[in-house]
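Here is the structure we will look at, set down as structure tokens.
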């Protein structure tokens, strides 16, 4: 926000910010009983996507940078798996997750390009 550094120049940065916001809005669709379990886990993983992206971009070593990007991408996979469970339990319908799904795919592709 205040530091103008490399992570803000990455194409994925604004995409991942929107993705985090979308994940936070999921709370409205999930039952209160999941407040300290699924909701909390999805939010932490979403923050991990964005924060590891920022931290990785600040690393001088390419190996270190890619490692943080891998952690970020793994958090996307974690969220995708949590959404599978939420759908299986009847909390969410796939149609209501289309926008979030598109964001997951877009972030995954961009991160994969940064890693490979």
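The values are calculated or read from the model by the stated rules, or taken from the named source; none is laboratory data. Quantities reported herein were computed from a predicted structural model and do not represent experimental measurements. Positions of Cβ are backbone-derived with ideal geometry, glycine not excepted, and every protein chain shown enters the neighbour counts.
Being surrounded by fewer than 12 Cβ atoms within 10 Å (Cβ to Cβ) and over 14 Å from residue 110 (Cα atoms) is a description that does not apply to residue 20. For the stretch 1-9, indicate whether the set of residues that are within 22 Å of residue 111 (Cα to Cα) and surrounded by 15 or more Cβ atoms within 10 Å (Cβ to Cβ) is non-empty. Yes: one or more hits.
Output the residues belonging to the stretch 84-104 that are without any contact (Cβ under 8 Å) to a residue 24 or more places away in the chain and in a helix (DSSP H, G or I). Even if it seems obvious, please write down each step before you answer.
In the first step, residues of the stretch 84-104 are kept if they are without any contact (Cβ under 8 Å) to a residue 24 or more places away in the chain; the result is 84, 87-90, 93-95, 97-98, 101-102.
Within the stretch 84-104, 84, 87, 88, 94, 95, 97, 98, 101, 102 qualify.
Across the stretch 7-44, the qualifying residues are those that are part of a loop (DSSP other than H, G, I, E, B) and over 14 Å from residue 103 (Cα atoms), and the one among them that is farthest from the chain's Cα centre (by Cα) is 31. Within the stretch 90-99, is there a residue that is closer than 13 Å to residue 15 by Cα and surrounded by fewer than 20 Cβ atoms within 10 Å (Cβ to Cβ)? Checked the stretch 90-99: at least one residue is closer than 13 Å to residue 15 by Cα and surrounded by fewer than 20 Cβ atoms within 10 Å (Cβ to Cβ). Scanning the stretch 31-51 for any residue that is in contact (Cβ under 8 Å) with a residue 60 or more places away in the chain and out of contact with any strand residue (DSSP E or B) (no Cβ under 8 Å at 6 or more places or on another chain) turns up at least one such residue.
When residue 58 is tested against (1) under 16 Å from residue 108 (Cα atoms); (2) in contact (Cβ under 8 Å) with a residue 40 or more places away in the chain; (3) surrounded by fewer than 18 Cβ atoms within 10 Å (Cβ to Cβ), exactly one condition is not met: (1). With respect to being in contact with a helix residue (DSSP H, G or I) (Cβ under 7 Å, 6 or more places away or on another chain) and modelled with pLDDT under 95, residue 53 falls outside the description.
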